[in-house]
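Okay, structure first, notes after.
The values are calculated or read from the model by the stated rules, or taken from the named source; none is laboratory data. Everything numeric in this text was worked out from a predicted model, so none of it was measured. All Cβ positions, even for glycine, are placed from backbone atoms using ideal geometry, and neighbour counts span all protein chains on display. Each accessible area value is taken on the protein alone, full model and side chains, heavy atoms only, with ligands, DNA and RNA left out. Shrake-Rupley method; radii C 1.70, N 1.55, O 1.52, S 1.80 Å.
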Amino acid sequence: MFGKRFKLFKLLGFEVGIDWSWIIIAILIAWSLSTGLFPSYYKDLSAQMYWIMGIVGAAGLFLSIIVHEFSHSLVARRYGIPIKGITLFIFGGVAQMEEEPPSPKAEFMMAIVGPLSSIAIALILYGIYLSGKQGGLPVPVNGVVGYLAMINGILAGFNLLPAFPLDGGRVLRSILWGVKKNLKWATRVSSWIGSGFGILLIVLGVVNVLRGNFIGGMWWFLIGMFLNGAAKSSYQQLITRKALEGEPVRRFMKTDPVTVPASISLKELVEDYIYRYHYKMFPVMVNSKLVGCITTKQLRDVPREEWDQKKVRDMAIQCSPENTIESKEDAMKALSKMKATGVSRLMVVEGGHLVGVISLKDILELLSLKVELEE
Ligand SMILES: [Zn+2]
């Protein structure tokens with residue numbers, strides 16, 4: 001779902017991005033506000049004015065969600081949990097956490113602050129709306145303010161549902177975790193409840209569609225599907241994390257990796273290495289010193305006629321934190337790195353020397369064995 005994410009801006013050290021799905025939603029929101037909600041509440045304004053109100057309303061919703069997610073991210077940072085960035089997607093925002101919270105208290109604070117900030121925005125805007133109504137604010141401005149007060153209230157309410165991984169579900173998990181001191185159990189119980197809510201919404205959606213409320217029903221249905229999926233994958237994610245944490249990359253890597261000299265041509269690379277070993281990435285060496293790597297993906301961009309003249313040296317990507325990992329690091333870290341960069345193989349180094357290669361496949365194989373043996 002986060003595949004088509006693109007960056008918008010960086011604020012307080014957090015990168016804010018949006019998923020393409022959000023653009024479609026933003027247009028739908030602006031459209032339904034300017035043709036439905038605003039004309040029904042505020043009569044006798046021009047069509048143009050309704051559109052301006054709709055667009056400003058959608059932009060305000062966008063800002064509200066960003067504030068909500070920023071509050072999560074700031075509290076997370078206070079507890080030392082790295083946040084990769086904030087992404088707005090079809091059902092709101094997600095602050096992308098890279099690790100589980102360190103304690104029930106950290107999780108509780110981090111989860112509750114989001115709805116609280118939405119409630120605060122709602123109350124402030126509602127105050128402005130009320131005083132604006134008594135005079136002062138023009139009707140269109142007040143209309144948008146009133147809408148934003150309401151939508152922030154809804155945002156807080158929806159997120160407070162005790163359906164993991166929504167904020168309310170995280171609050172529930174932190175309480176269960178604090179009581180029983182068992183994160184795995186707390187996650188399992190809260191994700192059951194979360195997916196239960198998801199199924200309930202799916203059923204309500206179907207009932208609504210059957211009764212003729214197609215658009216509303218579809219919304220319930222989609223949100224239910226999303227919630228159900230998210231609850232299940234959050235639990236799997238935790239199991240993965242528990243199994244991989246504290247396991248050094250050294251245990252998962254393949255030692256004695258096949259390396260290629262920087263001096264050979266791309267044609268030689270393809271014939272003597274890629275077709276022979278079927279790997280997607282090869283570390284590149286100059287006099288037994290690691291200089292970088294070359295991937296099959298890069299070869300696709302070079303026309304076949306040039307494979308003879310071009311050398312591996314010309315194409316190799318330099319070693320960087322994106323394609324290398326220290327052998328003593330957690331396997332979980334390797335996995336998050338692969339997820340973040342979309343690369344499925346990393347070079348494993350010890351003090352600048354190549355000691356192995358770790359692939360997604362190796363990690364997953366060992367992981368499934370571990371989970372099977374330990375469950
Ligand atoms: Zn939230």
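Data table
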read-out	value
Any hit, segment 34-55, residues being among the small types (Gly, Ala, Ser), within 16 Å of the ligand (Cβ to nearest atom), more than 30 Å from GLY178 (Cα to Cα) and without any contact (Cβ under 8 Å) to a residue 40 or more places away in the chain	no
Test: GLY168 is open to solvent by less than 20 Å² (accessible area, probe 1.4 Å) and either more than 30 Å from LEU45 (Cβ to Cβ) or under 22 Å from the mean Cα position of the chain (by Cα) (or both)	yes
Evaluation of GLN298 against (1) touching a His at 6+ places or on another chain (Cβ under 8 Å); (2) not basic (Lys, Arg); (3) not in a strand (DSSP E or B) (one fails), failing number	(1)
Hey, ILE90 β-branched (Val, Ile, Thr) and modelled with pLDDT under 90 or not	yes
Selected residue (only one of LYS361, LYS333 is part of a helix (DSSP H, G or I) and either surrounded by 14 or more Cβ atoms within 10 Å (Cβ to Cβ) or on the phi > 0 side of the Ramachandran plot (or both))	LYS333
Matching residues, segment 204-262, being open to solvent by 70 Å² or more (accessible area, probe 1.4 Å), in contact (Cβ under 8 Å) with a residue 12 or more places away in the chain and over 27 Å from PRO165 (Cα atoms)	ARG250, ARG251, LYS254, THR255, ASP256
Pair list, Cβ under 8 Å, 6 or more apart: segment 108-126 residue open to solvent by less than 20 Å² (accessible area, probe 1.4 Å), other residue not in a helix (DSSP H, G or I)	MET110/TYR79; MET110/ILE81; MET110/PRO101; PRO115/LEU160
